[in-house]
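The values are calculated or read from the model by the stated rules, or taken from the named source; none is laboratory data. Fair warning: this is a prediction, and the values are worked out from it, not measured in the lab. No Cβ is skipped: glycine too gets one built from the backbone with ideal geometry, and neighbour counts run over all protein chains shown.
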Amino acid sequence: MNSFGSRRVVITGLGVVTSLGHDVHRVFDALCRGESGIRPIRRFDVTRCPSKIGGIIEDFNAEAVIDDRAGRRILRMADWIQAMGLCATHLAWEDAGLRSGSVLPDRLGVYFGSGRGGADVAETLFGLLLQAADRWRGGSFIPPEEARRGATVSVFDVFHGVNPTRYLQQCPSFVAAYAAIRYHARGPTLTNVNLCSAGAQAIGEAAWVIARDDADVMIAGGSDSMLNPAELAAFCALDAVSASNDDGPAASRPFDLRRNGCVIGEGAAAVILEELGHARQRSARIYAELLGYGATNDAYKVTAPPPDGSGAVLAMRRALRHADLSPEDVDHINAHGTSTPLNDKVETGAIKTVFGQHAYGIPVVSTKSMTGHLIAAAGALEAAIAVKCLDEKRIPPTRNLEVPDPHCDLDYVAEGQRQVPNLRVVLSNSFAVGGSNACLVFGHGLNGR
């Protein structure tokens, strides 16, 4: 029996918002065909930015997804990150066949990952400060007679009259808060801000809420966008992103010898976690079971993993132990696979440490080669992809892997999608800036389960 005990946790709904679309089944088909959602950034001026491409979402209308009056009222208060998250939760809720009254409010909770609040809002407020500074320098912000009396500009003067909703849009916790309001979820609510592992950790921690009998259903996932001038500039300053702009969709090339940085993406993903008995009672479709979850920290550097991958090793081993599985039971790994020179090498080494010789027989895939890196939403999206792999018994390829790296010598499914009729256990890895690691183990069709 896995560590969730007698209250087994299953996935009954999936919802995604990505640069490849927002229908989870069509997105999975696109990934299996090797299609890329990476394209030139046109939302803002990137003339002076080293990175000019991203997994950017174009022509997405949140109100076309959430078309009810109450949902649209919430959308009007939401920023872009919150709107994507709300759409993903809506799609997962609908996919699970849940309706008002399907779950007691006290038995429904929301755990969500978000790297930060609305960066676009923060930039708007920062712009107000810059405008105020210009006006101050020009002598027009404070009347001359007040200036002669020693008056100075104050942040309260600058932001006076700004709609208070704009401030709320900066709060990373408001994806979960708005989802709780929309679905009358009065159970536990939590926001995880551990960047690249936030979405995966939200799912893993939400499962424990069900296991300890504090909820029957949890909405869990992640939503994020770093595709704005300030944060894209920050990633460029960290030398973490690819500047191979002319390569376009080929710039994200995990495990390839020529990889030179990740490509930033944006989006959201949500899953409906449900106690098995509750799901069966309402005759819900069950995609898979969440068998194990492992979380650790590298305690090394905030911008690099330890060379031996010890934090990732411990997280994978812990997830397998919680699932009561051996390394040989794993049939597929959805890798973190960021396309950075160091991370892909370290993750490959960590996988070999955990799985030994069996590592060479496991298909290891990085779907970031097609979606880009969704940061706090990455782990949630990749969890949904892992579940779809189990559901359809096929796995997508790692795109753009053409020049093998001798340090990355596993089976990365570079040739195209692969049918795996006996696929039963999938491991999904998420390793974050800051050293936070999260691994999820999903299973389907296991004997005695």
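The table for this structure:
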item	result
Residue within the range 1-21 that is modelled with pLDDT under 95 and aliphatic (A, V, I, L, M) present	yes
Residues that are under 30 Å from Ile11 (Cα atoms) and surrounded by fewer than 21 Cβ atoms within 10 Å (Cβ to Cβ), drawn from the range 241-283	Leu276, Gly277, His278, Arg280, Gln281, Arg282, Ser283
Residue that is nearest to Ala237 (Cα to Cα), among those in the range 35-72 that are free of Cβ contacts under 8 Å to residues at least 40 places away in the same chain and either among the polar types (S, T, N, Q) or surrounded by 17 or more Cβ atoms within 10 Å (Cβ to Cβ) (or both)	Thr47
Residue count, the range 275-292 (criterion: in a loop (DSSP other than H, G, I, E, B) and either among the hydrophobic types (A, V, I, L, M, F, W, C) or touching a residue at least 12 places away in the same chain (Cβ under 8 Å) (or both))	5
Subset of the range 406-449 (residues that are free of Cβ contacts under 8 Å to residues at least 12 places away in the same chain and either among the polar types (S, T, N, Q) or buried (at least 21 other Cβ atoms within 10 Å of the Cβ) (or both))	Asn447
Test: residue in the range 368-389 that is surrounded by fewer than 19 Cβ atoms within 10 Å (Cβ to Cβ), among the hydroxyl-bearing types (Ser, Thr, Tyr), part of a helix (DSSP H, G or I) and in contact (Cβ under 8 Å) with a residue 40 or more places away in the chain	no
From the options Ala304, Ala295, residue that is closer than 25 Å to Asn192 by Cα, in the same structural domain as Ile81 (by TED's automatic domain parsing) and part of a strand (DSSP E or B)	Ala295
In the range 307-350, residue farthest from Gly434 (Cα to Cα) [restricted to those that are of a type outside the set (Asp, Glu), assigned to a helix (DSSP H, G or I) and more than 23 Å from the chain's Cα centre (by Cα)]	Pro327
Identity of the residue in the range 392-405, in contact (Cβ under 8 Å) with a residue 60 or more places away in the chain, out of contact with any Lys or Arg (no Cβ under 7 Å at 6 or more places or on another chain) and surrounded by fewer than 20 Cβ atoms within 10 Å (Cβ to Cβ), that ends up nearest to Ala92 (Cα to Cα)	Glu392
Qualifying positions in the range 215-246 - farther than 21 Å from Thr18 by Cα, outside any helix (DSSP H, G or I) and of a type outside the set (D, E, K, R)	Ala215, Val217, Met218, Leu238, Ala240, Ala243, Ser244
Options Ser102, Ser3: the member that is part of a loop (DSSP other than H, G, I, E, B) and assigned by TED's automatic domain parsing to the domain that holds Ala237	Ser102
Yes/no for Ala200 being at pLDDT 95 or above, assigned to a helix (DSSP H, G or I) and under 30 Å from Pro50 (Cβ atoms)	yes
Where Pro341 falls short, out of the listed (1) crowded, with 24+ Cβ neighbours inside 10 Å; (2) within 19 Å of Arg253 (Cα to Cα); (3) not acidic (Asp, Glu)	(1)
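For every residue, the table says whether it meets (1) under 13 Å from Ala335 (Cβ atoms); (2) among the basic types (Lys, Arg).
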site	(1), (2)
Tyr360	no, no
Val365	yes, no
Lys368	yes, yes
Gly372	no, no
Leu381	no, no
Val387	no, no
Ile395	yes, no
Asn400	no, no
Val403	no, no
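Rundown of residues vs (1) over 21 Å from Tyr183 (Cα atoms); (2) in contact with a Cys (Cβ under 8 Å, 6 or more places away or on another chain), yes/no style:
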| site | (1), (2) |
| --- | --- |
| Glu205 | no, no |
| Asp213 | no, no |
| Val217 | no, no |
| Leu232 | yes, yes |
| Ala240 | yes, yes |
| Ala250 | yes, no |
| Ser283 | no, no |
